[in-house]
Amino acid sequence: MTTSSPSGPEHLTYGSYLRLPDLLTCQSPQTDEHDELLFVIIHQVYELWFKQILHEAAFLQSRLEEGATAGALHTARRIAKILKTIVGQLDVLETMTPRQFASFRPQLGSSSGFQSDQFRELEAVLGRRDLPKDDPRTAAAMGRRSVFDSLLRYLAVTGYDVPEAALERDPSTSWPEGDPSILDVLSRVYAEDHGPAAEVCESLVDIDEGIQEWRYRHVKMVERIIGVRMGTGGSAGAEYLRSTLFRPAFPDLWAVRSV
């Protein structure tokens, strides 16, 4: 007869499975100000969602490259839903007034949301190649295929004549947006209107729009709480954030609408 380990599944509880004793001690406000805990928790939740999006994005790329239409659609739509959720969380953060934030802001030191390695990694996964390479995961993401590269493989696998040069290009270089040959492929995809490939492309547009919506709401939140002052960590605050607006992750999926 074998006996179960005390750490086996039958001994799991809600708290031990989720490691709540660890999780609920991860909040360490630097002041006694009431609103700092909200600030900490919301940003930690953002990082958890970013972790999940990165997890889903890797799965999305594998499903795209396998030509798995239904799976790719399901995963892309989940990412878009998560982005809607994190945008919605800004409503909670905006219940904090400028004075309430100012009460603990000096204690934040050099910390800044611009230091989120996971968000930079996500941008790299989506295709940005002009990011700092100080974080190993972001650097690695800039060296491998982006989501758009995986989309082109999906289109090739599902019967579209994607140029070999596009499929074999160096993924560490920025995508040459506006390539007529790629726009021609995408035009043929969209000519089918409600075809499966067009649906997959539109699901990536939903992700792109979600990222842009997050950036916009982040800008307005920063303006609402600190105005035009310099951000924490010496960042340019709202001015920098505005410079990132309307920068699509998949520019060709937007350009094809004007072809």
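Rule-based calculations on the coordinates, nothing more; no lab input. These numbers were taken from a predicted model, which means no experiment stands behind them. Backbone-built Cβ (ideal geometry, glycine too); neighbour counts: all protein chains shown.
Things to note:
- Remark on segment 95-178: Rg and Dmax equal 18.9, 59 Å (Cα only).
- When each of the peptides 14-20, 118-124, 86-92, 55-61 is scored by how many other beta carbons lie within 10 Å of its residues on average, the order from highest to lowest is 118-124, 55-61, 86-92, 14-20.
- From the C-alpha gyration tensor of the chain, square roots of 5λ in Å: 36, 27, 16
- Set against the 2.2 N^0.38 Å expectation for a compact globular protein, segment 128-172 has a Cα radius of gyration ratio of 1.33.
- In summary, the convex hull built on the alpha carbon positions of segment 1-155 has an orientation-averaged projected area of 13.9 nm².
- Span-rule helices in the chain, defined as complete DSSP H runs reaching 24 Å or more along the axis (Cα) with Kyte mean at least -1.0: 36-66, 69-93, 196-226
- Scattering profile of segment 95-235 at q = 0.14, 0.16 Å⁻¹ [log10 I(q)/I(0), Debye over alpha-carbon scatterers]: -0.80, -0.93
- Extension gain, T173 to T85: 0.36 nm times the residue separation minus the Cα-Cα distance gives 28.5 nm.
- Centre separation in Å (Cα based) which lies between segment 41-64 and segment 166-193: 25 Å
- Estimated inter-spin distance, K51 and V92, nm [label 7 Å along Cα→Cβ]: 1.6 nm
- Per the Debye formula on identical point scatterers at the alpha carbon atoms of segment 86-142, with no solvent, log10 I(q)/I(0) at q = 0.26 Å⁻¹ is -0.96.
- Calculated over segment 18-66: convex hull of Cα atoms, volume per residue (Å³): 76 Å³
- For segment 1-133: relative contact order, % (alpha-carbon pairs under 8 angstrom, 6 or more apart): 28 percent
- Relative contact order %, the chain, counting alpha carbon pairs below 8 Å whose residues are six or more apart: 22 percent
- Remark: spin-label model distance R224-A198 equals 3.7 nm, labels positioned 7 Å along the Cα→Cβ axis.
- Viscosity 1.567 mPa s, temperature 4 °C, Stokes-Einstein D of segment 137-220 from Kirkwood C-alpha radius, µm²/s: 91 µm²/s
- Considering only alpha-carbon pairs that sit under 8 angstrom and 6 or more positions apart, the relative contact order computed for segment 58-161 is 38 percent.
- Rounded to whole Hz, the Karplus (6.51, -1.76, 1.60) HN-Hα couplings of segment 22-34, x for glycine and proline: 6, 4, 7, 10, 8, 9, 10, x, 8, 9, 9, 5, 4
- All other residues whose Cβ lies under 11 angstrom from that of D179 are scored, Lys and Arg at +1 and Asp and Glu at -1, for a net of -2.
- For K81, the lysines whose Cα comes closer than 25 Å to its Cα, not counting residues fewer than 8 places off in the same chain, are K51, K220.
- Separation of the A140 and H11 label points, Cα + 7 Å toward Cβ, nm: 3.2 nm
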